[in-house]
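Before any comments, here is the structure.
Here, each number is a calculation from the coordinates, and none is a lab measurement. Keep in mind that what you see is a predicted model, and the values were worked out from it rather than measured. Neighbour counts are summed over all protein chains in view; Cβ atoms, including those assigned to glycine, are modelled from backbone coordinates with ideal geometry.
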Amino acid sequence: ASWTKPCACAILWQDRAPARCGARFVVVAHPSEVFRSTASARLVPNLVERAALAVWGRGGAAAVDAALVEGAAVLWPGGQEIEDGWGHTTVLVPDGSWARAAALLEAIDARAAALGLEAP
């Protein structure tokens, strides 16, 4: 996968956060995970410019809906490979344990269907 440089992995090692990336990230956190001490969801908006936190079921639906309407992709293992010229400007990132992130992925797909859109 290739990203427009500079991106988080290159910048964080140089203590130059927040990183700048071409895509906008919306971290969709599972509500039971967001306040755990090991949760990464709250860190991402502090480390990557153009990143936002949406807590599923706690006011995050508007951000997710807007991203879906824009044609967002979902960052998920085994999904579409990211290449230069990739057409998505927004990326939804499910955050939680594997089981909870999978539940978020299903919920995002269901939300897209409810909005009359294809699953991202």
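Counting charges near Ala29 (Lys, Arg +1; Asp, Glu -1) among other residues having Cβ under 13 Å from its Cβ returns a value of +2. Each listed q (0.14, 0.15, 0.22 Å⁻¹) maps to a log10 I(q)/I(0) for the stretch 23-68, found by the Debye formula over equal Cα scatterers with no solvent: -0.30, -0.34, -0.71.
Local charge for Pro45 was computed over the other residues whose Cβ lies under 12 Å away, with Lys and Arg +1 and Asp and Glu -1, and equals +1. Net charge of the neighbourhood of Leu115, taken over other residues with C-beta under 13 Å away and scored Lys/Arg +1, Asp/Glu -1, is -3.
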